[in-house]
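Q: There's a structure below that I have some questions on.
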Amino acid sequence: MSILDIKTLDFTYGADILYKGAEMRLFEGEHACLVGPNGSGKSTLLRLMEGSLSPDKGTIEWAGNKTVGYLDQYQTLNEEQTVKAYLYNVFYELFEKETYMESLYEKLGDAEPEKQERMLSTAAQIGEMLIDSDFYAIKSKIGSVIHGLGLDSNILEKPIKDCSSGMRAKVILAKLLLEEADVLLLDEPTNFLDIKHIDWLSKFLNDYEKTFIVVSHHEEFLQQVATTVFALENHEIIRYKGNYDYYLQARALRYEQHEKAFETQQKFIKKTEDFIQKNITRAKTSTRAKSRRKMLKKMPKLKAPPKTRTYQFKFPVGRPSGKEVLKLNGLEIGYDAPLIEPLSFEILKGEKVVITGKNGIGKSTLLKTLLEKTAKISGKFYWSDTVTISYFEQDSTLHGELTPFEIVHNAYPDFTRKDVMSLLGAHGINYEIAHRMIKTLSGGEKAKTRLALLRHQKSNVLIVDEPTNHLDAAAKEALKEALEAYQGTLLLVSHEEAFYRDLCDYEIALYSV
């Protein structure tokens, strides 16, 4: 049975068309993924489904009484609230019922005999309902979810303000999974998860008896969880009834057939137009020419096959650094207490190094400590005197009302308008996206804007923290090639082994205290 019907959907950002007459049906119990290149409108479609955006035209209708849970990793939370209070709020009504049941038992002794029987009956009914709702397993259930997502149980007592961005994203996801909505809309749920916890989430979703749609650029994850693929192609939503591997094969075949049909039609149109032009004024052939012109007007025109977006990422190198670029001697990082064992190692000129470890262990904290954005606890570290650093931070600071054009122009005030647009275009940002407020852009478009800012920053040390979050496959490949070509020293944090495996010379793994 269909639980979501999208009909004749139109939606644009300015002149940038995302959907034109798009149609989609989602069925009860379907496990689906939504795919498409950066900027094609995946996150926007989820927000349209969730209701925070409205279509320009068309309808989005859910079946009655269906609860929809939407993963927004950047939602505003009560900073003072503890993680425990935030998660336990999922079961607020059950806790209220338990409180009421306990109050009935407490009042029994003071109640008149004829009321006691009714009170006992009501309390017993509430108790049975709580048992049927697995109320007494709530603590265990919450523990299972947060551990599955890579969080320790001690996080429950933390105020949300003390959680890192990765921890906060996991807590938001944990609450959504605990709510067990009829439909889950999951936008990049794997961004802050390592392999072990992605596997746990895959199993959770495979066992989920209800419906979900997931957006992710993690192809292995999609292969594990999706049995239906919705692909955004040419402003339409194309349904592929099969897993992700089937989608890749079917799409390649579909694209090949469409390309051939489009080329054949274009040749036919060109030939027919030439005939019309030559014969429309000739007395003997004018009738035939007019007939063919009418035929061309009525003929349905095929859309041109979508072009694969290309990227030209580049990180320019500055003056050479010294041989010993970075040296750590017993460095302890953290906040109130050390996060990991003291670190002692050195990185030499031209080496490409990846820092790994489970989420929340302190990879980003290590980078911020080395950049003196966060204070160390103890120990020492030394940079070569000749080091110049470019830094790509994991958390985007681009949330305001400036456009990508304005952001780049502010960073490079001597650039002409053409220079700015050329730089953005090389990073996959077209004219329309370049002139939209940054807060309206997808995570991938924000990441590409930030990468564009590094294009003319000469350095001999490049520090890059989780750069592949939000990037599609083509952008990841282009980024990897740019990092391989970089002639300086690379310090990379990444949870995607497939990305760093052939890129880096060696790995530095972090372990908790």
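The values are calculated or read from the model by the stated rules, or taken from the named source; none is laboratory data. Bear in mind that the values here come from a model prediction, so they are computed numbers and not experimental data. All Cβ positions, even for glycine, are placed from backbone atoms using ideal geometry, and neighbour counts span all protein chains on display. Surface accessibility is based on the protein's heavy atoms, side chains included, excluding ligands, DNA and RNA. Shrake-Rupley method; radii C 1.70, N 1.55, O 1.52, S 1.80 Å.
Q: Could you list all residues from segment 81-105 that are farther than 17 Å from Lys175 by Cβ and open to solvent by 70 Å² or more (accessible area, probe 1.4 Å)?
A: Glu96, Lys97, Thr99, Tyr100, Glu102, Tyr105, listed by residue number.
Q: Quick one: which of Leu424, Leu453 is modelled with pLDDT under 95, within 23 Å of the chain's Cα centre (by Cα) and closer than 30 Å to Ile347 by Cα?
A: The unique qualifying residue is Leu453.
Q: Right, next: Which of the residues spanning segment 276-286 are closer than 23 Å to Gln266 by Cα and open to solvent by 100 Å² or more (accessible area, probe 1.4 Å)?
A: Answer for segment 276-286, where residues must be closer than 23 Å to Gln266 by Cα and open to solvent by 100 Å² or more (accessible area, probe 1.4 Å): Gln277, Lys278.
Q: Among residues belonging to segment 291-311 that are open to solvent by less than 100 Å² (accessible area, probe 1.4 Å) and part of a helix (DSSP H, G or I), point out the one that is farthest from Ala482 (Cα to Cα).
A: Ser291
Q: Could you check segment 418-451 and list, in sequence order, the residues that are touching a helix residue (DSSP H, G or I) at 6+ places or on another chain (Cβ under 8 Å), among the charged types (D, E, K, R) and not in a loop (DSSP other than H, G, I, E, B)?
A: Scanning segment 418-451 gives Glu445, Lys446, Lys448.
Q: Do we have any residue at all in segment 89-108 that's assigned to a helix (DSSP H, G or I) and under 30 Å from Glu393 (Cβ atoms)?
A: No - not one qualifying residue is present in segment 89-108.
Q: Ok, one more. Name every residue in segment 119-138 that is at pLDDT below 80, charged (D, E, K, R) and in a helix (DSSP H, G or I), in order of residue number.
A: If the condition is that a residue be at pLDDT below 80, charged (D, E, K, R) and in a helix (DSSP H, G or I), then Asp132 is the only one that fits.
Q: With open to solvent by 10 Å² or more (accessible area, probe 1.4 Å), under 23 Å from Gly14 (Cβ atoms) and part of a loop (DSSP other than H, G, I, E, B) as the only criterion, which of Phe405, Phe415 stands out?
A: That would be Phe415, the only listed residue that is open to solvent by 10 Å² or more (accessible area, probe 1.4 Å), under 23 Å from Gly14 (Cβ atoms) and part of a loop (DSSP other than H, G, I, E, B).
Q: Which of the following residues is in contact with a helix residue (DSSP H, G or I) (Cβ under 8 Å, 6 or more places away or on another chain) and assigned to a helix (DSSP H, G or I): Phe275, Phe315, Phe262?
A: None of the other options fit; the residue is Phe275.
Q: Only one of (1) touching a residue at least 40 places away in the same chain (Cβ under 8 Å); (2) surrounded by fewer than 19 Cβ atoms within 10 Å (Cβ to Cβ); (3) over 22 Å from the mean Cα position of the chain (by Cα); (4) over 13 Å from His235 (Cβ atoms) is not met by Gly64, so which one is it?
A: Checking Gly64 against (1) touching a residue at least 40 places away in the same chain (Cβ under 8 Å); (2) surrounded by fewer than 19 Cβ atoms within 10 Å (Cβ to Cβ); (3) over 22 Å from the mean Cα position of the chain (by Cα); (4) over 13 Å from His235 (Cβ atoms), the one that fails is (1).
Q: What pairs can you find where one residue is in segment 272-290 and β-branched (Val, Ile, Thr), the other is open to solvent by 100 Å² or more (accessible area, probe 1.4 Å), and their Cβ atoms are less than 6 Å apart, with a gap of 6+ or different chains?
A: Listed by first residue and then by second, the contacts come to Ile276/Arg293.
Q: Name every residue in segment 225-245 that is in contact (Cβ under 8 Å) with a residue 24 or more places away in the chain, over 16 Å from Ser40 (Cα atoms) and surrounded by fewer than 17 Cβ atoms within 10 Å (Cβ to Cβ), in order of residue number.
A: The answer is Thr227, and nothing else.
Q: Further, regarding this structure: Could you check Ala434 against (1) among the hydrophobic types (A, V, I, L, M, F, W, C); (2) open to solvent by 40 Å² or more (accessible area, probe 1.4 Å); (3) within 21 Å of the chain's Cα centre (by Cα) and say which number it fails?
A: Result: Ala434 fails condition (2) only.
Q: Could you give every pair whose Cβ atoms fall below 9 Å, whose first residue belongs to segment 320-338 and is within 22 Å of Lys158 (Cα to Cα), and whose second residue is assigned to a loop (DSSP other than H, G, I, E, B) and small (Gly, Ala, Ser), counting only separations of at least 6 or pairs across chains?
A: The qualifying pairs are Ile333/Gly362; Gly334/Gly362; Tyr335/Ala375; Pro338/Gly362.
Q: Please state which of the following conditions Tyr74 fails to meet, knowing it meets all the rest: (1) under 30 Å from His235 (Cβ atoms); (2) modelled with pLDDT of 80 or more; (3) open to solvent by 70 Å² or more (accessible area, probe 1.4 Å); (4) in a loop (DSSP other than H, G, I, E, B).
A: Looking at each condition in turn, Tyr74 falls short on (2).
Q: I'd like the residue in segment 312-350 that is at pLDDT 90 or above, within 31 Å of the chain's Cα centre (by Cα) and of a type in the set (A, V, I, L, M) and, out of all such residues, is least open to solvent (accessible area, probe 1.4 Å).
A: Going through the qualifying residues, I end up with Ile333.
Q: Related question: State which residue pairs qualify: first residue free of Cβ contacts under 8 Å to residues at least 40 places away in the same chain and inside segment 484-513, second residue crowded, with 21+ Cβ neighbours inside 10 Å and not small (Gly, Ala, Ser) in any location, beta carbons under 7 Å apart, and separation of 6 or more residues or different chains.
A: Phe499/Thr468
Q: Does segment 379-399 contain any residue that is part of a helix (DSSP H, G or I), of a type in the set (S, T, N, Q), open to solvent by 40 Å² or more (accessible area, probe 1.4 Å) and modelled with pLDDT under 95?
A: The answer is no; no qualifying residue exists.
Q: Could you check, for segment 254-264, whether at least one of its residues is open to solvent by less than 60 Å² (accessible area, probe 1.4 Å) and charged (D, E, K, R)?
A: no
Q: So, in segment 356-378, of the ones that are hydrophobic (A, V, I, L, M, F, W, C) and in a helix (DSSP H, G or I), which residue ends up surrounded by the most Cβ atoms within 10 Å (Cβ to Cβ)?
A: That would be Leu366.
Q: Which residue pairs have Cβ atoms closer than 6 Å, lie 6 or more positions apart in sequence or on different chains, and pair a first residue in segment 198-214 that is free of Cβ contacts under 8 Å to residues at least 24 places away in the same chain with a second residue that is surrounded by 21 or more Cβ atoms within 10 Å (Cβ to Cβ)?
A: From residues that are free of Cβ contacts under 8 Å to residues at least 24 places away in the same chain, the pairs are Ile198/Thr190; Ile198/Phe221; Ser202/Val225.
Q: Also: Have a look at Phe221, Phe192 and point out the one that is part of a loop (DSSP other than H, G, I, E, B), among the hydrophobic types (A, V, I, L, M, F, W, C), at pLDDT below 95 and over 19 Å from Phe27 (Cα atoms).
A: Phe192
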